Amino acid sequence: MREDSIKFYGWTERKLKGAIAETLVEQMLRYSGYLVFRFGYEMVLQHIKDIKIKSSYVKKIMQSMPDFIVIDPNGNADIIEVKFRHNGKVAEHDKEILENLGKFWENARILIVSLSKPHFQISRIKEVLKTNKLYPLENDHFIKVSPETIRRYERLILKYYQQK
């Protein structure tokens, strides 16, 4: 296989895994009663793709936009970045991503989807930058998802991510 093919398939596979993680989280939160709005760079980019934005703080903010705005039934809102990580750990290359997110969105949450238990882990970006720790979604104070719902979505993780 040619080197450019290897890069293409690697990029495509990472993109697909990320899209699956985002979709699983979006649907799990909707099922749990939250309003979920796609918010990330890809959503903004589709509306301004033909505009050449010069380097500026606005461009940097847009490029670091987390994936979702989530609103609970009482109208409380939060912002969430979703990542798939096979082992459930924040990878070394995530540090740069999190530092960029932290510049503008330090109070946003990062939710890691993984094949390792716990399959859904969450924390504030600023806390991950300080401690590198995530905790199970069941323990989150804002995002309330029942253990039964989490188990249902864990089965989907296993179905779509496990290599046969």
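The values are calculated or read from the model by the stated rules, or taken from the named source; none is laboratory data. Note that the structure is a prediction, hence the values are computed from the model and not measured. A quick note on method: Cβ atoms are made from the backbone with ideal geometry, for glycine too, and the neighbour counts reach across all protein chains shown.
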Yes or no: Tyr31 modelled with pLDDT of 80 or more, hydroxyl-bearing (Ser, Thr, Tyr), in contact with a helix residue (DSSP H, G or I) (Cβ under 9 Å, 6 or more places away or on another chain) and surrounded by 12 or more Cβ atoms within 10 Å (Cβ to Cβ)?
-> yes
Check Lys159, Lys133, Lys144 and return the single one that is part of a loop (DSSP other than H, G, I, E, B) and more than 16 Å from the chain's Cα centre (by Cα).
-> Lys144
Could you say whether any residue in region 15-24 is modelled with pLDDT of 75 or more and basic (Lys, Arg)?
-> yes
Show the residue pairs that are 6+ apart or on different chains and have beta-carbon atoms under 6 Å apart, the first residue being within region 25-47 and closer than 18 Å to Glu81 by Cβ, the second being exposed (fewer than 13 other Cβ atoms within 10 Å of the Cβ) and at pLDDT 75 or above.
-> Val36/Arg30
With the checklist (1) closer than 22 Å to Ile143 by Cβ; (2) modelled with pLDDT of 75 or more in hand, flag the one item Asn100 doesn't pass.
-> (1)
Kindly indicate whether any position in region 69-79 is surrounded by 17 or more Cβ atoms within 10 Å (Cβ to Cβ), within 21 Å of Glu138 (Cβ to Cβ) and touching a helix residue (DSSP H, G or I) at 6+ places or on another chain (Cβ under 7 Å).
-> yes
Being among the basic types (Lys, Arg), under 20 Å from Tyr153 (Cα atoms) and modelled with pLDDT under 95 narrows it down to one of Lys52, Lys89, so name that one.
-> Lys89
Positions within region 88-103 being in contact with a helix residue (DSSP H, G or I) (Cβ under 8 Å, 6 or more places away or on another chain) and either part of a loop (DSSP other than H, G, I, E, B) or more than 18 Å from Arg14 (Cβ to Cβ) (or both), in sequence order | Val90, Glu99, Gly102, Lys103
Filtered residues of region 128-164 (kept if free of Cβ contacts under 8 Å to residues at least 60 places away in the same chain and touching a strand residue (DSSP E or B) at 6+ places or on another chain (Cβ under 7 Å)) = Val128, Lys133, Leu134, Tyr135, Pro136, Leu137, Asp140
